[in-house]
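A.B. asks: Okay, here's the structure, questions in a sec.
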Amino acid sequence: MMHRRSFLGVCAAALAACGKPAKIRLALNWKPDPQFGGFYAAPYQKHGLDVEILPGGAGTPTVQMIGAGSAEFGIVSADELVVARSRGNDVVALFAVFQNCPQGIMAHASRHLTSIGDVLKEGTLAIQHGLPYARILEKKYGFDHVKVVPSPGGDISAFLRDEKFAQQCFVMSEPLQARHAGVDVTVFPVADIGYNPYTTVLAANAAQLKGDPDRAAAMVAAVREGWRAYLDDPKPTNSHMHDLNPSMDAATFAEVAGAQKSFIENSRLGAMTAERWTTLIGQLADLGDIPQAMPAQDCFRSL
């Protein structure tokens, strides 16, 4: 009679032989919300994948998780990826959700400002000073005539109290909160100053990618299909994400999904170009965030 352990070992081997996929971890850098809609809508099983999505939060080190192998795939920003590569983390981008950066500066519409430079002429600016685009703003316009204070994150209380208070924002988040509170706003995208990194980028470890390129190609195919489905009809996936993240109400899920669509749509969802990566690398080198420029082709793969 076969021993129980031996029997289980035979079963496991049989399942492996039948091609049962190994569990793949996808680490998010924030809670489930519309910016990840296509990842939750993706038909992974159809593409032979068994994917576990790991929700994140403030400061989730997804780029380090990919490099260390604690997640096979993760969500990063393009500038974060370039800096990580300069420090020896061989991580590469596979799919860029946001074709245009959704970061911006939010000001009261009552001020009648016409450019991002006008924001810096008076009042208060709440911004995370270490961000590359914050330093580009300072270099381009100077902060001599504005009071710079730390970013309050997603809190808009100070903004609502003070007409001359401006703050960094995610264009599908804080501006919607302000309008719901009855305050009209003007949003100046950071892309207006020429800083436009891809964001919500699916990335993987280069060694893992080289060892199993078919899995990476299947992942990208599933994600692209998921994003197409989510953009066409976000309701089913929003309902699922709302169950995972009840702090965001159903109406906000729908509103954000609609607002972000123009930042994502492209002739080929998720596509990236060497030209955009080269521009970003040059900007980060000029800022001193990386010691020297690197080949754009090292940073991403077209699958």
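Okay, residues lined up against (1) outside the structural domain of A251 (by TED's automatic domain parsing); (2) surrounded by fewer than 20 Cβ atoms within 10 Å (Cβ to Cβ); (3) among the acidic types (D, E):
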{"site": "H145", "(1), (2), (3)": "yes, yes, no"}
{"site": "G153", "(1), (2), (3)": "yes, yes, no"}
{"site": "L160", "(1), (2), (3)": "yes, yes, no"}
{"site": "V171", "(1), (2), (3)": "yes, no, no"}
{"site": "D184", "(1), (2), (3)": "yes, yes, yes"}
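A.B. asks: Please indicate, with yes or no, whether at least one residue in the range 125-133 is more than 26 Å from N89 (Cβ to Cβ), surrounded by fewer than 17 Cβ atoms within 10 Å (Cβ to Cβ) and touching a residue at least 12 places away in the same chain (Cβ under 8 Å).
C.D. replies: No, because not a single residue in the range 125-133 is more than 26 Å from N89 (Cβ to Cβ), surrounded by fewer than 17 Cβ atoms within 10 Å (Cβ to Cβ) and touching a residue at least 12 places away in the same chain (Cβ under 8 Å).
A.B. asks: What residue, of N89, N100, is within 30 Å of D214 (Cβ to Cβ), in contact with a helix residue (DSSP H, G or I) (Cβ under 6 Å, 6 or more places away or on another chain) and either not hydrophobic (A, V, I, L, M, F, W, C) or not in a helix (DSSP H, G or I) (or both)?
C.D. replies: So the residue among N89, N100 that is within 30 Å of D214 (Cβ to Cβ), in contact with a helix residue (DSSP H, G or I) (Cβ under 6 Å, 6 or more places away or on another chain) and either not hydrophobic (A, V, I, L, M, F, W, C) or not in a helix (DSSP H, G or I) (or both) is N89.
A.B. asks: Just give me the residues in the range 51-69 being under 16 Å from A204 (Cβ atoms) and either surrounded by fewer than 12 Cβ atoms within 10 Å (Cβ to Cβ) or not acidic (D, E) (or both), in sequence order.
C.D. replies: V51, I53, L54, P61, T62, V63, Q64, M65, I66, G67, A68, G69
A.B. asks: Spot the failing condition for A204; the list is (1) small (G, A, S); (2) under 19 Å from H108 (Cβ atoms); (3) crowded, with 18+ Cβ neighbours inside 10 Å; (4) within 18 Å of the chain's Cα centre (by Cα), and only one is missed.
C.D. replies: Looking at each condition in turn, A204 falls short on (2).
A.B. asks: Let me ask you something else. Looking at T186, T252 in this structure, which one is in contact (Cβ under 8 Å) with a residue 40 or more places away in the chain and assigned to a strand (DSSP E or B)?
C.D. replies: Within the list T186, T252, the selection yields T186.
A.B. asks: State yes or no: is T279 under 17 Å from P197 (Cβ atoms), exposed (fewer than 15 other Cβ atoms within 10 Å of the Cβ) and of a type in the set (V, I, T)?
C.D. replies: no
A.B. asks: Of (1) among the acidic types (D, E); (2) in contact (Cβ under 8 Å) with a residue 40 or more places away in the chain; (3) part of a helix (DSSP H, G or I), E138 satisfies all except one. Which?
C.D. replies: The number of the failed condition is (2).
A.B. asks: Given the condition surrounded by 20 or more Cβ atoms within 10 Å (Cβ to Cβ), within 14 Å of V201 (Cβ to Cβ) and of a type in the set (D, E), answer yes or no: does some residue in the range 32-39 qualify?
C.D. replies: The answer is no, given that none of the residues of the range 32-39 is surrounded by 20 or more Cβ atoms within 10 Å (Cβ to Cβ), within 14 Å of V201 (Cβ to Cβ) and of a type in the set (D, E).
The values are calculated or read from the model by the stated rules, or taken from the named source; none is laboratory data. Quick caveat: nothing in here was measured; it's all calculated off a predicted structure. As a convention, Cβ positions derive from the backbone with ideal geometry for all residues, glycine included, and neighbour counts pool all protein chains shown.
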